[in-house]
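These notes are about the structure you will find just below.
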Amino acid sequence: MKALVAEGGTVRLTEVEQPRPGAGEALVKVEAFSVNRGETFQLEAPRPGWRPGKDVAGLVVQAAADGSGPGVCRRVVGHPPAGGWAEYVCVPTSSLAELPDSLDAVRAAALPLAGLTALRLLRTAGALAGRRVLMTGASGGVGHYFTELAAAAGAELTVVTASPERGHRLAELGAAEVLHDLGEARGPYDLVLESTGGTALPLALARLAGRGTLIWFGQASRTPATLDFFDFFKGPESATLRHFHYADSDVPDGEDLATLVRLAAEGRLTPELGRVAPWAETAAVLTDLRERRIRGKAVLTVA
């Protein structure tokens, strides 16, 4: 089969051996996959034997031998550990959700990593109705999904994004305020979601209300953050600083994917497709994603 493999910081399309599913895995014929900015960083120093790809949608062509999960010819969205940028991929049945006819493979492929992150951030944040929330780095897939979910939950959400174009769409999705400079955020906020790192983390902390919570879930700037903990005494006294990773969840990926699929099918969650292209163009799309020239999700289709 054909697959994309890591080479020189990007990818190359080549022939590889078709994977064989284990007892709790289904073999999926990939119709579309999405790429994430974090994966572009992994390509810079890939592990030996690793192939990229965590967000896929397609058709089950071999059901799991243990009888779990969807059967043959069922349309699915999946979140494999790796290897999804290929014609076929093995996916644990616990990381699969079936697709209704109303949701096509391209939109479904945009759901897994960003959607799981946003949904689990919402769960970690707790009740949001009436709470003031600040989110940095909101212009990517996670930001779009979280904005829509948090607005529906009743949050008064302020988002920080680099450009007016990206901010306009976030306002349409329910953001109460859109800023292009974190220094303009007035605060105080009951909850801060910080994903930029560098100088943004201490700036965001300074806008947190006393006894509020700051959830740090990324470092998109790739610049380490330096934090003076005496800053807690200058404003957000008794506040909580919490690290978040989307994979640290008690809910199986498949169950949360089913929730995302249901919300998308009902029109309550909107996959923002910034770029859709054939997978032969993956290397160029990765460059544009790394350079932040794509708003929302980038999805590649497998012929």
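Values quoted throughout were computed directly from the atomic coordinates according to the rules given, and no laboratory measurement underlies them. Since the model is a prediction, treat every value here as computed from it, not as a measurement. Here Cβ is always computed from backbone atoms with ideal geometry, including for glycine, and neighbour counts include all displayed protein chains.
The table that follows gives values for the structure above.
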| item | result |
| --- | --- |
| Packing-based exposure ordering (other Cβ within 10 Å, fewest first) of Tyr189, Tyr246 | Tyr246, Tyr189 |
| Overall form of region 224-290 per C-alpha gyration tensor (a/c, 1.5; a/b vs b/c) | oblate |
| Relative contact order of region 114-243, pairs being alpha-carbon contacts under 8 Å that are 6 or more residues apart, as % | 20 percent |
| Most mobile listed residue (Gly187, Gly141, Gly58) in the chain, GNM with C-alpha springs under 10 Å | Gly187 |
| Cα long-axis angle, helix 253-265 against the chain (0 to 90 degrees, to the nearest 10) | 80 degrees |
| Packing-based order for 197-204, 129-136, 224-231, using average beta carbon neighbours within 10 Å, highest first | 129-136, 197-204, 224-231 |
| Computed over region 1-81, Kirkwood Rh from alpha-carbon pairs, angstrom | 13.8 Å |
| Sum of side-chain charges, Asp256 neighbourhood, beta-carbon under 12 Å (Lys, Arg +1; Asp, Glu -1) | 0 |
| Per principal axis, descending, Cα span of region 72-200 in whole Å | 53, 29, 24 |
| Relative contact order for the chain, counting Cα pairs under 8 Å that sit 6 or more residues apart, in percent | 18 percent |
